[in-house]
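Below is one structure, written out as C-alpha cells, with a few remarks after it.
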Amino acid sequence: MGGIGKTTLARVVYTQMSPHFEGKSFLANIREVSNKCGLVSLQKQLLSQILPDECFNFFNVHEGNAIISNRLSNKKVLVVLDDVDNLQHLKCLVGKHDWFSLGGRIIVTTRDEHLLRSYRIDDVYKPTTLNPTDALRLFNLKAFDSDTMPKYDFIELSKDVVHYADGLPLALEVLGSFLCDRDIIQWRSAIERLKQDSSKEILDTLRISFDGLEEREKNIFLDIACFFNGEKKDLVMKVLDGCEFFPDIGIDVLIKKSLIKVSDDNQYLRMHALLQEMGRKIVEERCVDKPGKRCKLWKERDVHHVLTKNTINHSTKITYKIFFLLIYDVNPKLSLISLHIDPLVTLSSFKIIFIC
C-alpha cells in the first residue's frame, strides 16, 4: 500500500547502518527512474555510489550485471532498492547472493509482497498503519511543529483528521502540512471539504498500485471498494466467481499488494477507507454527470436517478457489469413497485442485482 512509510523506514535504517559497511547505495524511486531512464542508468548509479572514484561506461544490462558482480563481490555493501515493482529490477541490480561479499545487506521496498517471495528474499517486514496515539503525534508534528497536544480549540478537529486518515502516514503528513498555520475557520472548512473530496496527492499516490493491476484484478478491487468492503469473504468470492473474475488468484494478488486485507479469522475482506475512496472516485470519474453510464452504482441518489429516469444505456450490459443495490428495508421508496418501473425492462441492463 502506498503512503504507509516504507521509504521512510528504509532511509532511517540506511542512515543508521551505513557507517558499518565498506560501500553503500540508496536507489530511490526505482519504478519511476527505470521507466524514464532505463535499468542501465540505475546500474551505473549503483556502481557510482559504491565506487565514487571510478567511471563506468557500458550500454546494456548484461554488461552491467558482469561489472557489478565482478567489482562488488569482495565488498561488504549496504544497498537499498526503493519502490521496486518488477523482477528485472532485482535481477539487474542485485542479481544473486554471490554478487556481494558476506555480511552485506540488501533492503528492498515494494508494494508487491509476491515479488519478494518469488525472488526468495530472506525476510519480509510488512509495515502497518499507525495506532491512534502515534497517528495524532505525527499529525501534530506537521500541523503544529510539536508532537504535544494542540490548543484546546483544535483538539477535536485534529482527532477528526486523524480518524479520517485511518493511520496512514502519508495522509497525516499531507493534511497536517496543509492545515499548518491556518485558523480554526479554515480548518473546519477543509475538514468539511475532505468529506466530499480527498487530497489529490494522497489519492494519486494510492492509485499507483491500482494502475499496475491486470484488468480482472482492477475489476475485483473496484467491486470490493464499491460494494464489498467488510463483507464476508465467502460471499464475495461467490459473486466474483459468477462474474468470471477468477477471485481465488485475484484476491490473493490484491492481498499481496496490500490493497485489501483478510480479517484474523479469515472471514471478512477489508480495505483501507482511503483506498475505498480512491476506488469509488475511479468509477465516478469515468462518467461524472451520467450515473447510468457508470460501471457500478452504490449511492442511493444515483440508483434512484437511474431507475426513475430510465437513463441506463442498454449497451451498458455489454460493455460493463453493473452491480445494483436495492435496500428495501432501509428505504422503501427505492422499491421497484413504488417507482412504477417495469422491472423486466429496467433490470435487463444490469448484469447482477445484489439485494440485502
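The values are calculated or read from the model by the stated rules, or taken from the named source; none is laboratory data. Predicted, not measured: the structure shown is a model, and the values here were computed from it. When we count neighbours, we look across all protein chains shown, and the Cβ atoms used for this are built from the backbone with ideal geometry, even at glycine.
Quick one: which of Leu172, Leu130 is part of a loop (DSSP other than H, G, I, E, B), closer than 22 Å to Ile260 by Cα and aliphatic (A, V, I, L, M)?
Result of the check over Leu172, Leu130: Leu130.
For Gly230, are the conditions met, namely being assigned by TED's automatic domain parsing to the domain that holds His272, within 27 Å of Gly5 (Cβ to Cβ) and in a loop (DSSP other than H, G, I, E, B)?
So Gly230 passes the test.
Under the condition of being of a type in the set (A, V, I, L, M) and touching a strand residue (DSSP E or B) at 6+ places or on another chain (Cβ under 9 Å), which residue from segment 238-253 is surrounded by the most Cβ atoms within 10 Å (Cβ to Cβ)?
Across segment 238-253, the extreme among qualifying residues is Ile251.
Return yes when Asp85 is in contact (Cβ under 8 Å) with a residue 60 or more places away in the chain and of a type in the set (D, E, K, R) and no when it is not.
yes
Mind checking whether some residue in segment 241-258 is in a loop (DSSP other than H, G, I, E, B), of a type outside the set (Ser, Thr, Tyr) and within 27 Å of Tyr125 (Cα to Cα)?
Yes; the residues of segment 241-258 include at least one that is in a loop (DSSP other than H, G, I, E, B), of a type outside the set (Ser, Thr, Tyr) and within 27 Å of Tyr125 (Cα to Cα).
Assess whether Ile185 counts as being under 30 Å from Val84 (Cα atoms) and of a type in the set (Val, Ile, Thr).
Here the answer is no, as Ile185 does not meet what is asked.
One line per residue, one yes/no per condition, for (1) over 30 Å from Pro169 (Cβ atoms); (2) modelled with pLDDT under 90:
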{"residue": "Gly242", "(1), (2)": "yes, yes"}
{"residue": "Phe246", "(1), (2)": "yes, no"}
{"residue": "Gln267", "(1), (2)": "no, no"}
{"residue": "Met271", "(1), (2)": "no, no"}
{"residue": "Met278", "(1), (2)": "no, no"}
{"residue": "Glu285", "(1), (2)": "no, yes"}
{"residue": "Val288", "(1), (2)": "yes, yes"}
{"residue": "Lys293", "(1), (2)": "yes, yes"}
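Mind checking whether some residue in segment 38-56 is among the β-branched types (Val, Ile, Thr) and part of a loop (DSSP other than H, G, I, E, B)?
no
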